[in-house]
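Here, each number is a calculation from the coordinates, and none is a lab measurement. From a predicted model like this one, the values you see are computed outputs, not experimental measurements. Counting neighbours? That spans all protein chains shown, and the Cβs are built from the backbone with ideal geometry, glycine included.
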Amino acid sequence: MFAIGGNIKMIKKVWKILRNLHLIPLYLFFYYKGINRAYWRRLYTEFKYDFFSMKTIRFKDKMWAYRKGFLSERIIRYGLNKDNYQDYMSDFQYAKKVSCVNGRFYYWFDDKLTTWYVLRPFREYLPIHYYSIHKNNILELYPEGNQFNNSVEGVLELLKRKKELAFKEVIGAGGAGFFKVVYDNEYIMVNKKRMTQEEFCDFVKSLDGYMATEYVYAHSDLRKIYKNSPNALRIITIYDKEKGTKITGSFIRFGTSDTGYVDNACAGGICSGVEINNGEIFNPRRFIDNKIELCPIHPDTGEKIAGTIPNWHIITEKVIEIGNYLNSTPHLTFDIAVTQDAFKILEINSHGQVRNLQLFYPFYKNEFQAKLFRSQ
């Protein structure tokens, strides 16, 4: 029996190697081009999908985009052409080793719990972190007094007191693995699934690599547009050695009935540019059926997507202060929930995606981004 099991495992390993042999030339090409190894598989998957799925783009236009390092989808997304392509960071350039300008400090932000510790001087601008959950290892991060309750029962008791909590992966992106948990007397709602208290305790025990934090509500002006997601504001900063931290771009995402409790633009959400000088919302857009469409009215609520980001001056002033504090990491992407009185930082990305940013702010048209990245 053992020999048979061992042979099956060996056959599976050999088959996996044979199945991926065709990737060897491609990966050698990526290596030659200086692509960060962490992006090899992603680039292969994205370009494969782009080649076969973007059927509205002519073959010769696809080849032109690929030679310039872009997915052909960017022709639609950016209005990319031979006259403006140099204004944009390509997909190849984004994935190159030299583009990861934060170097060895990237881990400060790839792990949300580490970010929470790094930003200790600014914790009033972070959601309260109550628990870290790694399988059955449950630890309080915000004990009240000296009473510690490092148990699933402690998490349940906290939920009963707070009524709402957010559970999110310590390492994750795009809203994946997010749970909004609501206590309503006898029952508990995890996203839209009803659970008993016993089922909830089993759910908590099943989590691995999670945090339990306060659930943050967006400002009422933003909730009027859409209330079921955080409607996260994204702000990009560059630390310049001569001039300090500069905000180089911003946009805001709104959830829809397609995205549930998150606001991922790639899953059916809406992106709107934000003027960095005054916080004014402009050009709301949505990606539907391989097309970028203007979306001035929210499809679910009928509200106009316009106005000014509340608390804009407070947010930008503090983000610049944090950027100067974190000057060892010159390129940061902040995801922010705009609250009624100020804001909360949901996460910081060390090497945030630029595909939605470049809808509104072509990367290399900004002097500070061009100065930092083109010097690499």
- Message: Can you give me the Rg/Rh ratio for segment 205-260, using Cα atoms for both radii and the Kirkwood formula for Rh?
- Response: 1.14
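Rounded to a whole number of µm²/s, how large is the Stokes-Einstein D of segment 104-252 at 37 °C and 0.692 mPa s, given Rh as the Kirkwood radius over C-alpha pairs?
Working: Rh = 17.1 Å.
It diffuses with D of about 192 µm²/s by this estimate.
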- Message: Taking only Cα atoms of segment 159-232, what ratio of Rg to Rh do you get with Rh as the Kirkwood inverse-distance radius?
- Response: 0.98
- Return the whole-Å distance between the Cα centroid of segment 60-122 and the Cα centroid of segment 182-206. 38
- segment 221-340: D in µm²/s via Stokes-Einstein (Kirkwood Rh, Cα pairs, 37 °C, 0.692 mPa s)? 221
- Note on the structure: Neighbours of Glu164 by Cβ distance under 12 Å: Lys/Arg at +1, Asp/Glu at -1, summed charge +3
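Which value in deg cm²/dmol, rounded to the nearest 500, describes the helix-derived mean residue ellipticity at 222 nm for the chain, given -39,500 (n - 2.57) per DSSP H run of n ≥ 4 and division by the residue count? Walk me through the numbers before you get to the answer.
Details: 13 runs with 121 residues, N = 376.
Only helices count here, giving -9000 deg cm²/dmol.
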- Task: Kindly identify segment 44-148 as rounded, prolate or oblate by the Cα gyration tensor criterion: order the square roots of the eigenvalues as a ≥ b ≥ c, call it rounded if a/c is under 1.5, otherwise compare a/b with b/c, prolate if a/b is larger, else oblate.
- Result: prolate
- Message: In whole Å, what are the extents of segment 278-376 along the principal axes defined by its C-alpha atoms, from largest to smallest?
- Response: 44, 36, 22
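Between their Cα atoms, which of Lys168/Lys205; Lys96/Lys291; Lys112/Lys135; Lys168/Lys193; Lys160/Lys205; Lys168/Lys192 are more than 20 Å away from each other?
Working: Lys168/Lys205 14 Å; Lys96/Lys291 27 Å; Lys112/Lys135 17 Å; Lys168/Lys193 16 Å; Lys160/Lys205 17 Å; Lys168/Lys192 16 Å.
Long pairs (Cα-Cα over 20 Å): Lys96/Lys291.
State the volume of the convex hull built on the alpha-carbon positions of the chain, expressed per residue in Å³ and rounded to an integer. Mind showing how you got there, number by number?
Working: hull volume 69.4 nm³, N = 376.
Cα convex hull per residue, to the nearest whole number: 185 Å³.
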- Could the peptides 81-88, 238-245, 280-287 be put in order, highest first, of the mean number of other beta-carbon atoms found within 10 Å of their residues? 280-287, 238-245, 81-88
- Give me the aspartates and glutamates in straight-line cross-link reach of Lys243: C-alpha distance below 16 Å, same-chain residues under 8 apart excluded. Glu317, Glu321, Glu367
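Give the peptides 35-42, 52-59 in descending order of average Cβ contacts within 10 Å, highest first.
Working: 35-42: 15.5, 52-59: 12.4.
Descending mean neighbour count gives 35-42, 52-59.
Ranked from highest to lowest mean number of other Cβ atoms within 10 Å per residue, what is the order of the peptides 69-76, 220-227?
69-76, 220-227
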- Message: Just to be sure I understand: with springs between alpha-carbon atoms less than 10 Å apart, which residue in Trp108, Trp116, Trp64 has the highest mean-square fluctuation in the Gaussian network model of the chain?
- Response: Trp64
